[in-house]
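Following: one structure in structure tokens, then a few remarks.
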Amino acid sequence: GQYTIYMGKDKYENEDLIKYGHPEDCWFHVDDLSSAHVYLRLKSGQTMDDIPEDCLTDCCSLVKANSIQGCKKSEVYIVYTRWKNLKKSASMVDGQVGFHRPENVRRYKIAKNNTIVRQLEKTKVELHPDLAQEQQARMREIQKQNKAQRILEQKKKKMEELERKREMEERSYDRIVGGETSVSESRYEWNCRCYCSGGL
């Protein structure tokens with residue numbers, strides 16, 4: 001399926017993208033060099049392991065091409081992680097980020113590929129959305145989905161409890177009926193033996 005890639009034009013737009021990302025966003029940046037901040041919006045439920053190789057190459061190529069120093073190098077390393085792993089503190093300048101969990105940051109080696117960059121430029125669309133409003137709408141949607149999921153899980157749990165209760169009642173009934181049958185047969189056999197013995 002198709003994916004959407006976002007990129008800030010300057011450090012101020014980068015700052016907005018850091019602040020108003022979505023849980024599905026994956027952030028890309030040239031390692032140890034200044035560059036644009038590129039975001040890949042994954043599908044709901046996907047992880048970084050689900051990023052297609054060609055999509056990963058596209059994002060990394062775009063980041064490299066939009067780095068003043070990185071674009072001059074034949075190869076660079078790109079770091080990428082989930083948006084929710086980005087950490088921003090008051091002491092950081094615009095566009096600067098840290099990570100909540102550095103171990104969740106991955107590195108990808110990318111070579112210069114002008115063909116890919118030119119292809120991506122053809123699909124480029126410049127937009128100025130209300131990122132804060134879009135983020136709020138997405139969060140409301142996630143809350144709605146989570147609520148619906150909780151209701152389904154509660155219904156499933158209730159049905160499972162009713163089924164367990166029904167099975168327990170059936171087993172209890174079977175034991176009662178089985179016990180009565182056993183007593184009845186025992187009495188019959190005893191009476192029969194007595195009767196037979198008395199007949200001789």
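The values are calculated or read from the model by the stated rules, or taken from the named source; none is laboratory data. Computed from a prediction, not measured in an experiment: that's the story for all the values here. Cβ coordinates were reconstructed from backbone atoms using ideal geometry, including for glycine residues, and neighbour counts include every protein chain displayed. Remember, those area values only see protein heavy atoms, side chains included, never the ligands or the DNA or RNA. Shrake-Rupley method; radii C 1.70, N 1.55, O 1.52, S 1.80 Å.
Descriptive notes on the structure:
- Estimated translational D of the chain in µm²/s (Stokes, Kirkwood radius over Cα pairs; 25 °C; 0.890 mPa s): 113
- The aspartates and glutamates within cross-link reach of Lys165, meaning a Cα-to-Cα straight distance under 19 Å and a gap of 8 or more places when in the same chain, are Glu153, Asp174.
- Extension gain, Glu153 back to Glu170 (0.36 nm per residue minus Cα-Cα distance, nm): 3.6 nm
- Per-residue accessible area (protein heavy atoms, 1.4 Å probe) orders Thr115, Thr57, Thr123 as Thr123, Thr115, Thr57, starting from the largest.
- Residue-level accessible surface for Arg166, protein heavy atoms, 1.4 Å, Å²: 100
- Between His29 and Val79, the built amide H atoms are under 5 Å apart, and every one of these is 5 or more places off in sequence or on another chain.
- Total formal charge among the other residues, if their Cβ is under 15 angstrom from that of Met92, Lys/Arg +1 and Asp/Glu -1: +1
- Reach of Lys73 by Cα under 23 Å, taken over lysines that are not fewer than 8 positions away in the same chain: Lys9, Lys11, Lys64, Lys109, Lys112
- Accessible surface of His22, taken over heavy atoms with a 1.4 Å probe and every protein chain present, rounds to 20 Å².
- Value of [θ]222 nm, deg cm²/dmol, for the chain, DSSP H segments ≥ 4, -39500 (n - 2.57) each, nearest 500: -17500 deg cm²/dmol
- Whether the range 5-69 is rounded, prolate or oblate, judged on the alpha carbon gyration tensor where a/c under 1.5 counts as rounded: oblate
- Accessible area per residue, Å², the chain with all protein chains present, probe 1.4 Å: 72
- For the range 78-138, the convex hull spanned by the alpha carbon atoms encloses 154 Å³ per residue.
- Cβ-Cβ distance of Val93 and Lys72, R₀ of 35 Å, FRET efficiency by 1/(1 + (r/R0)^6): the value works out to about 0.90.
- Taking the average, over residues, of other Cβ atoms within 10 Å as the packing measure, peptides 91-102, 152-163 rank 91-102, 152-163 from highest down.
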